[in-house]
Amino acid sequence: MPENRIKKIVIVGGGTAGWMSASLLVKLFGKHTNITLIESEDIGTVGVGEATIPPIQVFNNVLGLKEDEFLKATQGTFKLGIQFENWGKLGDKYMHAFGAIGRQIGMVNFHHYWLRAQREGLVKGKENTLWDYSFNNKVAKADRFARVAQIPNSPLEGLTHAFHFDAGLYAQYLRRGSEQLGVKRIEGLITESKLHPETGFIDAVVLKGGRVIDGDLFLDCTGFRSLLMGEALGVEYEDWTRWLPCDRAIAVPAKNGLRLRPYTQSIAHKAGWQWRIPLQHRAGNGHVFCSDFMSEDEATNILMNNLEGEAFAEPRTLRFRTGRRQKFWHKNCVAIGLSSGFMEPLESTSIHLIQTSIVRLAQMFPSAGFDLVNESEYNRQIAFEFEKIRDFIILHYHANSRTDSAFWQQCREMEIPESLKHKIDLFKATGRIFREGNELFTENGWLQVLVGQGIIPADYHPMADDLTDVQLSELMANLKLIIDSNVSKLPTHNDFIARHSAAALQ
């Protein structure tokens with residue numbers, strides 16, 4: 001092996017970020033690299049990130065995890081989308097469903113045909129909704145699930161799914177596999193970071209008791225504290241609270257309600273929103289809110305009064321500042337997870353940002369010389385991802401018609417990033433949405449939030465006029481028939497889990 005290769009990786013911090021990082025790095029680099037993870041059982045993890053998005057399947061597949069075994073180990077359930085309630089105006093409900101909507105015809109996305117059909121009255125009444133043409137939405141609302149790659153005897157895609165799972169159990173599951181492959185875990189508290197006097201690189205970290213752990217590459221997985229990237233290396237934090245003002249969350253586990261929904265719920269309240277996430281053994285619940293508009297006591301009361309089952313613990317408060325580090329990779333340190341930035345969990349992106357950070361590190365894995373151009377490209381790509389997710393989350397707050405509180409009025413009237421303003425204006429005028437580069441959210445994701453919160457385009461693509469009225473009516477009716485007739489053929493979400501993925505009784 002060449003002398004300029006990284007020989008020692010030190011991961012500081014465990015939890016989801018630390019053990020996801022350890023799992024992938026030992027899988028890809030473990031034959032030639034020593035990997036050490038330092039964590040302390042005295043330091044808790046945030047541990048509320050229980051909802052994911054479909055790319056988690058790719059990560060698990062790379063690790064060789066079997067889906068049913070993973071779900072049993074993490075008390076997991078399936079997720080087909082996120083239902084938003086009260087976000088446009090009070091009483092509204094819409095789904096950000098994964099997967100396809102309708103069927104693209106030639107170069108034109110389906111929603112342009114739907115817009116034309118709506119405008120010309122070619123579909124009637126309740127049929128005239130975008131979500132009637134989403135298989136994921138219809139199956140989710142029926143509390144059903146199965147692994148379906150394609151709807152039988154049709155050209156339509158099947159279901160696209162992600163998961164709800166216990167993040168603490170996921171970290172434990174990954175830890176077992178990582179240690180079997182050679183990751184060395186050290187129990188301890190870090191008291192000091194030793195920097196090279198000339199380069200400023202991290203040479204080592206010092207544990208309570210004096211033990212010194214040296215390394216070539218350090219991963220900061222220490223959460224909000226950002227022990228290495230923030231404290232030791234002094235990388236500043238870019239604050240985004242002017243656009244995303246929520247700064248606290250109350251979280252509490254509770255008994256599941258009567259339904260085991262295959263989707264996440266996001267329920268907007270007076271100064272924020274509530275999540276409800278069904279696991280096999282409990283429901284994850286939380287209330288994200290802005291402390292400028294609501295006290296912790298009021299936020300806690302709202303959450304506790306909107307649980308579907310008995311609480312299993314006392315509610316706890318999490319405080320945060322939405323934003324990101326100005327750099328994610330600096331010198332020989334890479335920040336992964338909350339140490340790199342925080343995006344509120346509105347679209348279940350927290351675990352995904354861990355995944356993309358560690359995957360990109362693997363793709364751009366350095367030599368011991370740590371080329372600056374490699375570091376810069378990593379920082380550029382992660383910054384782009386953060387900013388596009390930021391814009392998508394801002395959209396939910398900004399595109400509201402609520403008149404019941406000053407919080408929602410402020411969100412509606414605030415200045416938004418120019419990148420988001422352009423996307424909204426283009427859609428309003430033309431119905432067009434363009435996915436930039438490798439940004440996370442697809443055109444269908446943007447479409448559902450824009451339409452779901454009341455933004456209807458003034459026009460549609462001219463090529464949607466190529467079908468006659470009769471052809472367009474038949475297209476819409478046939479798509480809806482194919483979707484509706486296949487929903488009831490699927491087992492319930494409860495039954496599917498009981499048959500394939502149920503955890504042992506505890």
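Read the figures in this text as sums done on the coordinates, not as results from a lab. What you see is a predicted model, and the numbers here were worked out from it, not measured in a lab. With ideal geometry, Cβ positions are generated from the backbone for all residues, glycine too; neighbour counts draw on all protein chains shown.
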### Query
Taking θ as phi - 60°, what are the ³J(HN,Hα) couplings along the stretch 384-400 by the Karplus curve (6.51, -1.76, 1.60), each to the nearest whole Hz, with x for Gly and Pro?
4, 4, 4, 5, 6, 5, 3, 4, 5, 6, 4, 3, 4, 6, 6, 8, 10
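Can you quote the Å³ per residue value for the convex hull of the Cα atoms in the stretch 248-319, rounded to an integer? Write down the numbers at each step before the final one.
On the way: hull volume 5.4 nm³, N = 72.
Convex hull of Cα atoms, per residue: 76 Å³.
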### Message
Run the simple label-point estimate for L181 and S419 please: 7 Å along Cα→C-beta, distance reported in nm.
### Response
3.1 nm
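Please report the projected area of the chain's Cα convex hull averaged over all directions, in nm².
Average of the hull's projected areas for the chain equals 25.2 nm².
Evaluate E = 1/(1 + (r/R0)^6) for Q104 and L426, where r is the Cβ-Cβ distance and R0 equals 22 Å; express this FRET efficiency to the nearest 0.05. Provide the component values of the computation, followed by the final result.
Values: r = 19 Å, r/R0 = 0.86.
The value I calculate is 0.70.
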### Query
With Cβ to Cβ distances under 14 Å as the rule, what net charge do the other residues near Q150 carry (K, R +1; D, E -1)?
+2
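So if we plug the beta-carbon distance of D297 and V58 into 1/(1 + (r/R0)^6) with R0 = 35 Å, what FRET efficiency do we get, rounded to 0.05?
0.25
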### Query
Given H placed 1.01 Å from N in the peptide plane, which residues other than close sequence neighbours of I11 have an amide H under 5 Å from its amide H?
T36, L37, I38, L219
### Task
Please go through the residue pairs K141/K480; K89/K255; K270/K421; K327/K388; K194/K331 and name each one whose alpha carbons sit more than 19 Å apart in this structure.
K89/K255; K270/K421
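When the chain is fully extended, how far beyond the present Cα-Cα distance does A204 get from E377, taking 0.36 nm per residue of separation?
Stretched out fully, the A204 to E377 stretch lengthens by 59.7 nm.
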### Message
Can you give me the Kirkwood hydrodynamic radius for the stretch 1-127, using every pair of distinct Cα atoms, in Å to one decimal?
### Response
19.7 Å
### Query
Going 7 Å from the Cα of D466 in the Cα-to-Cβ direction, what parts of the stretch 72-106 have a backbone nitrogen less than 12 Å from that spot?
105-106
#### Entry: Local electrostatic count, S339, Cβ distance below 9 Å [Lys/Arg +1, Asp/Glu -1]
+1
### Query
Taking amide hydrogens as modeled 1.01 Å from N in the peptide plane, which residues meet the under 5 Å criterion relative to I105, leaving out close sequence neighbours?
F110
### Task
Run through all the Cα pairs of the stretch 104-170 and give the fraction in each 5 Å bin from 0, expressed as whole percent.
3, 13, 18, 19, 18, 14, 7, 4, 3, 1, 0
### Query
Calculated FRET efficiency, E231 and E3, Cβ-Cβ r, R0 30 Å, to nearest 0.05?
0.40
### Task
Would you mind computing, in nm to one decimal, how far apart the modelled labels at K489 and R412 are, each placed 7 Å from Cα along Cα→Cβ?
4.5 nm
### Query
Taking amide H positions as placed 1.01 Å from N in the peptide plane, with prolines and chain starts having none, which residues 5 or more places from F293, or on another chain, fall under 5 Å of its amide H?
none
### Task
Could I have the simple spin-label model distance between R147 and A498, label points 7 Å from Cα toward Cβ, reported in nm to one decimal?
2.1 nm
### Task
Write down the percent of antiparallel bridges among all DSSP beta bridges whose residues are both part of the chain, to the nearest 5.
70 percent
### Query
From the Cα gyration tensor of the stretch 173-309, with a ≥ b ≥ c the square roots of its eigenvalues, which class applies: rounded if a/c is under 1.5, or else prolate if a/b is larger than b/c, or else oblate?
oblate
### Query
Quick one: net charge of E385's neighbours, Cβ under 12 Å, K/R +1, D/E -1?
+1
### Message
Just to check I understand the Karplus step: with θ = phi - 60° and J = 6.51 cos²θ - 1.76 cosθ + 1.60, what whole-Hz values come out for the stretch 11-17, glycine and proline as x?
### Response
9, 9, x, x, x, 5, 4
